[in-house]
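Inspection log for the structure reproduced underneath, given as structure tokens.
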């Protein structure tokens with residue numbers, strides 16, 4: 001009976017709940033029972049009722065914010081699609097070969113620069129290795145072959161140096177400088193004029209310029225091929241009337257009374273490796 005009365009009071013207005021009569025009934029005044037437990041239960045029930053009244057009714061109309069949100073247009077998210085990349089342009093064999101040659105030449109240049117950096121260090125083997133790799137990519141040219149050969153025969157590796165000279169001629173069959181380098185190697189390093197004159201003769205036929213072409217005339221003279229040497233020096237003098245070496249050599253050959261070797265210049269010095277310049 002007390003619980004039903006309590007529920008009815010909670011549902012009534014707050015002014016009724018706060019009347020002394022209601023408080024006295026719930027407290028059990030006049031019956032000799034403790035009033036505080038009932039007051040505490042009444043307070044908890046009141047707080048629960050207030051919390052329920054603060055919650056919005058499920059059937060109530062939506063608020064303005066809710067209405068605005070429900071009326072907002074719905075934007076459908078479209079999946080992102082990317083256009084396919086166009087296919088790469090087709091390369092003709094000529095264009096592909098040209099690109100490959102450019103790439104090989106570029107890498108060859110980098111390797112040559114690496115060889116330049118290590119030339120003045122004790123790591124000559126690394127220099128030769130870098131030069132060799134550079135030549136494998138770009139075999140045309142004389143300087144890199146001559147540089148590698150110079151480093152090798154300076155280290156006593158004469159056969160390996162000779163291999164570089166022959167590779168140089170095979171890669172540059174129309175370059176007189178290549179034949180001169182091999183002829184100079186036979187003459188100056190190996191002291192073999194018989195082999196040297198073969199390569200110097202080919203260099204002369206390909207149009208070797210002075211002063212390197214002078215070596216051919218000196219080797220002919222040392223081999224005792226005087227007539228050929230004289231004809232060579234006259235040709236040099238005809239090409240350049242101011243060539244003093246050619247004029248002195250002609251005088252020596254035409255005046256045998258002159259002391260042997262008088263006026264004959266020394267054999268041209270070895271080509272300075274390009275990496276040492």
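We did not get these values from a lab; they are worked out from the coordinates using the rules stated. None of these values were measured; they are calculated from a predicted model. No Cβ is skipped: glycine too gets one built from the backbone with ideal geometry, and neighbour counts run over all protein chains shown.
With a Förster radius of 45 Å applied to the beta-carbon distance between residue 83 and residue 125, the computed FRET efficiency rounds to 0.25. Footprinting exposure proxy ranking of 81, 221, fewest other C-beta atoms within 10 angstrom first, gives 81, 221.
Would you please give the FRET efficiency between residue 247 and residue 98, computed as 1/(1 + (r/R0)^6) with r the Cβ-Cβ distance and R0 = 35 Å, to the nearest 0.05?
Details: r = 50 Å, r/R0 = 1.42.
Calculated transfer efficiency: 0.10.
Between the C-alpha center of segment 126-150 and that of segment 164-178 there is a gap of 12 Å.
Here the spin labels are modelled as points 7 Å beyond Cα on the Cα-Cβ line, and at residue 191 and residue 226 they lie 2.6 nm apart.
With a Förster radius of 25 Å applied to the beta-carbon distance between residue 170 and residue 210, the computed FRET efficiency rounds to 0.40.
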